[in-house]
Amino acid sequence: MTEKRNITGAEALLLSLLEEGVTDLFGYPGGAIIPLYDKLYDYTDRLNHILTRHEQGAVHAAQGYARATGRVGVCMATSGPGATNLITGIADAMVDSTPLVCITAQVAASLLGTDAFQEADIISMTIPVTKWNHQVTSAAELPETIAKAFYIARTGRPGPVVIDITKNAQTEILDSFVYTPCTGLRSYLPEPEVRDEAVARAVELIDASRRPLMITGQGVMLSGGEAEAARLAERCAIPVATTLMGLSAVPTSHPLFVGRVGMHGNVAANEMTQQADLLIAVGMRFSDRVTGDVSHYAPNARIIHIDIDAAEHGKIVKPDVSICGDARKALSALADKAAPRAERREWMETAREAYERERRYVIDGCISPAEGDITMGEAVDKVASVCGGEAIIVTDVGQHQMFASRYSRLNRPRSFITSGGLGTMGFGLPAAIGAKVGCPDREVVLFVGDGGLQMTVQELGTVMQSGIAVKIAVLDNGYLGMVRQWQQLFFESRYSFTSLADPDFTILASAYGIASRRVSARDSLEEAVREMLAHDGPYLLDIAVEREGNVFPMVPAGKSISNLIFSELNDGQ
Amino acid sequence: MDNREYTVTALTENKIGVLNRITAIYLRHKINMEGVRVIDTQVPGVSMITISSYGTEEVMERIVRQIRRIVEVFDSRYKAVESITPENIYGEILSGLGD
């Protein structure tokens, strides 16, 4: 507990952030937040503020930071348009369970409700997309509110919190500043106790199962349960699949890893879901992109659902056993009690056979084509082989995201940062900036399309000004590729407004003082990737890829995940 | 599933914005509220919100689970009861809070 006398609300806020262990934050100043920025000027030795070029950049950077480090991401913006510009990132963080504290300024309390200059009712606007939000109208409320904000953001199922601070609250004098971290709220039980009885029933199902499949979601990493997931899998010889958000929870090189589930997931992971007699679903929420037609999902399986959020249990599928609580603790209890099993040769043979089929029909042609233009899969595979699974991979949204998720090699947790639930184009570049600020010693490689890059391309200015050494691999096909793919497959190739006339991205990078190169020839690709990764500082590699390449396999929207499509022509039979 | 009338109750902190968070969940599910009432309980600072609406049991179940996620909500239930008072729905929680 620290005590300080006669300070402004602005200073109390900064001291509160320091008390919470904040070292980095992302933001953009404006009229109503000037008092806070004025005080921040005195704290630059303790708080590393990254000036983005747009508030959306600040919130996505805070998300990338939180996802890479596991700490709460912090961003700040002024009132009105500054605050509303955060909303996309807040909604993204809500659905992807990312802990954020978003500080917005507000007009003076005396002007609330008068349509004052740059007044926007950000509290009402962010109700559906925040875990909690609160407006502070006096300096005295600040320390306690910030303590609550951090506690709520990081506990239970993490999520974004908005704290809206009126201008007068920033300038008022606080007689005495005392900071007490929040340790509990009487109406809020963030972590239900893992019940022994549920664990016992789950153990019975695991012990009786002949074809179990574990599906790890992001909750495994949010709980720090990566080692326990691997321990349970290894002890009971259970193959492990992941969701998009769960990638890197288990190394992609793990012998029990069978790939990713869902619409553009791996054949083994999807087919084994359909054949399994038991699913152990950990920290995942059965998104429609995972289940396809839910009435035909996992038809032969009993389901154990482990999730800390009670509202997820039974929301989409009815589990046979619900374990509501912390994933790490639940996995640990299961790994202690389930009967050890030697290998399940026949069941793992299913995985090998499915992989072989996927390799023959999809992967080989995608990552090692003999002719034609460079493919997205090939570019991702090249980066993966040069990085050797050690890099943090960040993506934007679209075809390149699916290729990145399919062909990246990931040895360490928290190494795949993507916009999963909301599918936010423009997420990638600022999220990569945040990841690099949070993990300066790790290589951070962004895969981004030419469309998504241009949604937040102004953040190249942030890269320049703050010298953030992100590697930007643009998978450039001159199309909004995923929409174009759907138009080709399901809308008779009517490419309505999906073709893009792009600028020369290397000239754009040069304008920002960022080293760059364009590559279009297959025999130069590896050398170009090596040059990007060897470069000391930020680098943009514009990779001209096949214009009309498609992502396969694919489960058409609304179809059963048994209906995998392998190509434009074939239905997987 | 059949549409019928349900009464959802929620025991909450008496704080600004809680009712908005609850009604936002109804809006998201496109459920029209037929009646809304907020009353005090015997515990200072704790209110009970009662909302009646038409819907299916499946949707009511989901709404109640999402209401329980709200930080200021102690609990929420949808089972219709004869007499809706804080004591006969949340008696146990309220007596704990009163200590």
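Answer yes or no as to whether A:Tyr479 is surrounded by 21 or more Cβ atoms within 10 Å (Cβ to Cβ) and assigned by TED's automatic domain parsing to the domain that holds A:Arg409.
On the way: surrounded by 21 or more Cβ atoms within 10 Å (Cβ to Cβ): yes; assigned by TED's automatic domain parsing to the domain that holds A:Arg409: yes.
So A:Tyr479 fits the description; yes.
Can you go through A:Gly558, A:Gly537, A:Gly513 and tell me which one is part of a loop (DSSP other than H, G, I, E, B), without any contact (Cβ under 8 Å) to a residue 60 or more places away in the chain and surrounded by fewer than 18 Cβ atoms within 10 Å (Cβ to Cβ)?
Details: A:Gly558 fails: without any contact (Cβ under 8 Å) to a residue 60 or more places away in the chain; A:Gly537 fails: without any contact (Cβ under 8 Å) to a residue 60 or more places away in the chain.
Every option except A:Gly513 fails the conditions.
Every residue in the range B:30-53 that is surrounded by 14 or more Cβ atoms within 10 Å (Cβ to Cβ) and either out of contact with any Asp or Glu (no Cβ under 7 Å at 6 or more places or on another chain) or closer than 25 Å to A:Gly314 by Cβ (or both), please. Step through it out loud before you land on a result.
Taking the range B:30-53 first, the residues surrounded by 14 or more Cβ atoms within 10 Å (Cβ to Cβ) are B:31, B:33, B:36, B:38, B:41, B:43, B:46-53.
Result: B:Ile31, B:Met33, B:Val36, B:Val38, B:Thr41, B:Val43, B:Met48, B:Ile49, B:Thr50, B:Ile51, B:Ser52, B:Ser53.
State which residue is nearest to A:Asp396 (Cα to Cα) when the search covers only the range A:88-104 and only residues that are β-branched (Val, Ile, Thr) and surrounded by fewer than 24 Cβ atoms within 10 Å (Cβ to Cβ). Steps first, please.
Within the range A:88-104, the subset β-branched (Val, Ile, Thr) is A:88, A:90, A:95, A:98, A:101, A:103-104.
Remaining after also requiring surrounded by fewer than 24 Cβ atoms within 10 Å (Cβ to Cβ): A:88, A:95.
Values: A:Thr88: 14, A:Val95: 16 Å.
This residue is A:Thr88.
Cβ-Cβ distance below 6 Å, separation of 6 or more or different chains: which pairs start in the range A:42-57 with a residue that is within 21 Å of A:Ala83 (Cα to Cα) and among the charged types (D, E, K, R) and end on one that is modelled with pLDDT of 95 or more and assigned to a loop (DSSP other than H, G, I, E, B)?
Partner pairs satisfying both residue conditions: A:Glu55/A:Asn85; A:Glu55/A:Leu86.
Mind checking whether some residue in the range A:271-286 is aromatic (Phe, Trp, Tyr), in the same structural domain as A:Val220 (by TED's automatic domain parsing) and in contact with a Pro (Cβ under 8 Å, 6 or more places away or on another chain)?
To start, the set of residues in the range A:271-286 that are aromatic (Phe, Trp, Tyr) comprises A:286.
Keeping just the survivors that are in the same structural domain as A:Val220 (by TED's automatic domain parsing) gives A:286.
This time we only want the ones that are in contact with a Pro (Cβ under 8 Å, 6 or more places away or on another chain), so: none.
No, the range A:271-286 contains no residue that is aromatic (Phe, Trp, Tyr), in the same structural domain as A:Val220 (by TED's automatic domain parsing) and in contact with a Pro (Cβ under 8 Å, 6 or more places away or on another chain).
Please state which one of B:Glu13, B:Glu72 is modelled with pLDDT of 95 or more, surrounded by 19 or more Cβ atoms within 10 Å (Cβ to Cβ), under 14 Å from the mean Cα position of the chain (by Cα) and closer than 23 Å to A:Gly184 by Cα.
Working: B:Glu13 fails: surrounded by 19 or more Cβ atoms within 10 Å (Cβ to Cβ).
Matching residue, one of B:Glu13, B:Glu72: B:Glu72.
Suppose the filter is under 19 Å from the mean Cα position of the chain (by Cα) and closer than 23 Å to A:Glu119 by Cβ; does A:Ile34 pass it? Give the derivation first.
On the way: under 19 Å from the mean Cα position of the chain (by Cα): no; closer than 23 Å to A:Glu119 by Cβ: yes.
No, not satisfied.
Would it be correct to say that A:Arg494 is over 27 Å from the mean Cα position of the chain (by Cα) and farther than 25 Å from A:Arg71 by Cβ?
So A:Arg494 fits the description; yes.
Residues that are within 14 Å of chain B (Cβ to nearest Cβ) and touching a residue at least 24 places away in the same chain (Cβ under 8 Å): which strands (runs of 3 or more DSSP E) entirely in the range A:257-311 hold 2 or more of them? Break it down stepwise before answering.
On the way: elements: A:257-260, A:278-282, A:302-307.
Correct list: A:302-307.
For residues in the range A:111-138 being surrounded by fewer than 16 Cβ atoms within 10 Å (Cβ to Cβ) and touching a Gly at 6+ places or on another chain (Cβ under 8 Å), which is farthest from the other protein chains (Cβ to nearest Cβ)?
Checked the range A:111-138; the qualifying residue farthest from the other protein chains (Cβ to nearest Cβ) is A:Phe117.
Mind counting the residues in the range A:235-253 that are within 16 Å of A:Gly217 (Cα to Cα) and either of a type outside the set (A, V, I, L, M, F, W, C) or assigned to a loop (DSSP other than H, G, I, E, B) (or both)?
Number of matching residues: 13.
Hey, can you tell me all the residues within the range A:182-200 that are touching a helix residue (DSSP H, G or I) at 6+ places or on another chain (Cβ under 9 Å) and within 14 Å of chain B (Cβ to nearest Cβ)?
Across the range A:182-200, the qualifying residues are A:Cys182, A:Gly184, A:Leu185, A:Arg186, A:Tyr188, A:Pro190, A:Glu191, A:Pro192.
Pick out the one residue from A:Ala230, A:Ala237, A:Ala149 that is over 27 Å from the mean Cα position of the chain (by Cα) and not assigned by TED's automatic domain parsing to the domain that holds A:Gly421.
Values: A:Ala230 fails: over 27 Å from the mean Cα position of the chain (by Cα); A:Ala149 fails: over 27 Å from the mean Cα position of the chain (by Cα).
Of the residues listed, the single one that is over 27 Å from the mean Cα position of the chain (by Cα) and not assigned by TED's automatic domain parsing to the domain that holds A:Gly421 is A:Ala237.
Is it the case, given these coordinates, that A:Leu142 is within 26 Å of A:Tyr65 (Cα to Cα), under 19 Å from the mean Cα position of the chain (by Cα) and among the aliphatic types (A, V, I, L, M)? Walk me through it before giving the result.
Numbers: within 26 Å of A:Tyr65 (Cα to Cα): yes; under 19 Å from the mean Cα position of the chain (by Cα): no; among the aliphatic types (A, V, I, L, M): yes.
Here the answer is no, as A:Leu142 does not meet what is asked.
Report yes if A:Val107 is over 29 Å from the mean Cα position of the chain (by Cα) and buried (at least 16 other Cβ atoms within 10 Å of the Cβ), otherwise no. Spell out how you get there, then give the answer.
Numbers: over 29 Å from the mean Cα position of the chain (by Cα): yes; buried (at least 16 other Cβ atoms within 10 Å of the Cβ): yes.
Judged against the criteria, A:Val107 is a match.
The values are calculated or read from the model by the stated rules, or taken from the named source; none is laboratory data. All figures in this text were calculated on a predicted structure; none of them were measured in a lab. So basically every Cβ, Gly included, is an ideal-geometry build from the backbone, and we count neighbours across all protein chains shown.
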